[in-house]
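The values are calculated or read from the model by the stated rules, or taken from the named source; none is laboratory data. All values derive from a computational prediction rather than experimental measurement. Cβ atoms come from the backbone with ideal geometry, glycine included; neighbour counts cover every protein chain shown.
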Amino acid sequence: MSVVRIEHVYKDYLLGEQKVQALKDITLSFEPGVFLAIAGPSGSGKTTLLNLIGCIDTPSSGKIYINDQDVSGRTPDQLADLRNRTIGFIFQTFNLLPVLSAAENVEYPLLQRSDVSRAERQKRVAYFLDIVGLTKYVHHRPNQLSGGQRQRVAIARALAIRPSIVLADEPTANLDHKTGEEILNLMKQINRSFKTTFIFSTHDKRVIAKADRLVRIDDGEIFALGVRSETKTWSLARNRRASDGAQPLPG
């Protein structure tokens, strides 16, 4: 079973009267529990691909399967329900609600779930804030927290729905080096402990160094795929259309 399967996906946008092709014939599959980085320069299409996986956007053509379920043709409400049950999100700007406390921010996505009782919500909030080391800060609002603490709240919020997939868009971009390392180590620990799939959109070499799978994307196309071996080296397969003079995968 694949947690994500993408088959011949294209994504086009209209820029004025001009059509811009953001993704071209993307075919991929990811197994459950992977710690995967989608890497590429700005404008390469990596965030577009992450948004498609997260059902925030829909492909112009092709199929996307989440937990072997075809999400093509679903209504916006159906996609919102899927996201709220299956996919957690972590953003570089944290996206916390400033008027809510850390605990209330973590609880917020659970309020949309009629199947989660108030007692269960409180249990999950306490549990995941403890997992990210913020038990003492449950009543603090975002402006009372450091950048690293805010990102920890965002991680707890993503985990509170008990997702099978967590998508992280440049999660270390607004953090200093030390804090970024701590956040990455925390996410890796959660990945190993809970077998939660983590998929990153990034150009941060630190993220790539901790990944066990790598998708290199450039100009909307898959440029290369990497699998890290037990010896921490990359086994690399390049797209047949990739340049012979391309640089090797980092990490």
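Some notes on this structure:
- Complete set of residues in the stretch 5-26 that are touching a Phe, Trp or Tyr at 6+ places or on another chain (Cβ under 8 Å), among the basic types (K, R) and closer than 14 Å to D219 by Cα: K24
- Taking the criterion of being under 18 Å from G147 (Cα atoms) and small (G, A, S), the only residue of the stretch 180-219 that qualifies is G180.
- Positions within the stretch 102-122 being of a type in the set (S, T, N, Q) and either crowded, with 19+ Cβ neighbours inside 10 Å or under 20 Å from N185 (Cα atoms) (or both), in sequence order: N105
- Residue within the stretch 123-142 that is part of a loop (DSSP other than H, G, I, E, B), surrounded by fewer than 19 Cβ atoms within 10 Å (Cβ to Cβ) and of a type in the set (A, V, I, L, M) present: yes
- Residue within the stretch 101-119 that is over 28 Å from N51 (Cα atoms) and assigned to a helix (DSSP H, G or I) present: yes
- Of the residues examined, S61 is one that is surrounded by fewer than 16 Cβ atoms within 10 Å (Cβ to Cβ), touching a strand residue (DSSP E or B) at 6+ places or on another chain (Cβ under 8 Å) and not hydrophobic (A, V, I, L, M, F, W, C).
- Pairs, first over 24 Å from G147 (Cβ atoms) in the stretch 76-100, second of a type in the set (D, E, K, R), C-beta under 8 Å, six or more apart: L82/R74; N84/R113; R85/R113
- Qualifying residue in the stretch 111-124 (condition: modelled with pLDDT of 95 or more, within 30 Å of I208 (Cα to Cα) and aliphatic (A, V, I, L, M)): no
- Any hit, the stretch 155-178, residues being without any contact (Cβ under 8 Å) to a residue 60 or more places away in the chain, surrounded by fewer than 22 Cβ atoms within 10 Å (Cβ to Cβ) and either in contact with a Lys or Arg (Cβ under 6 Å, 6 or more places away or on another chain) or part of a helix (DSSP H, G or I) (or both): yes
- Residue, modelled with the highest pLDDT, within the stretch 7-40, restricted to residues that are of a type in the set (G, A, S) and out of contact with any helix residue (DSSP H, G or I) (no Cβ under 9 Å at 6 or more places or on another chain): S29
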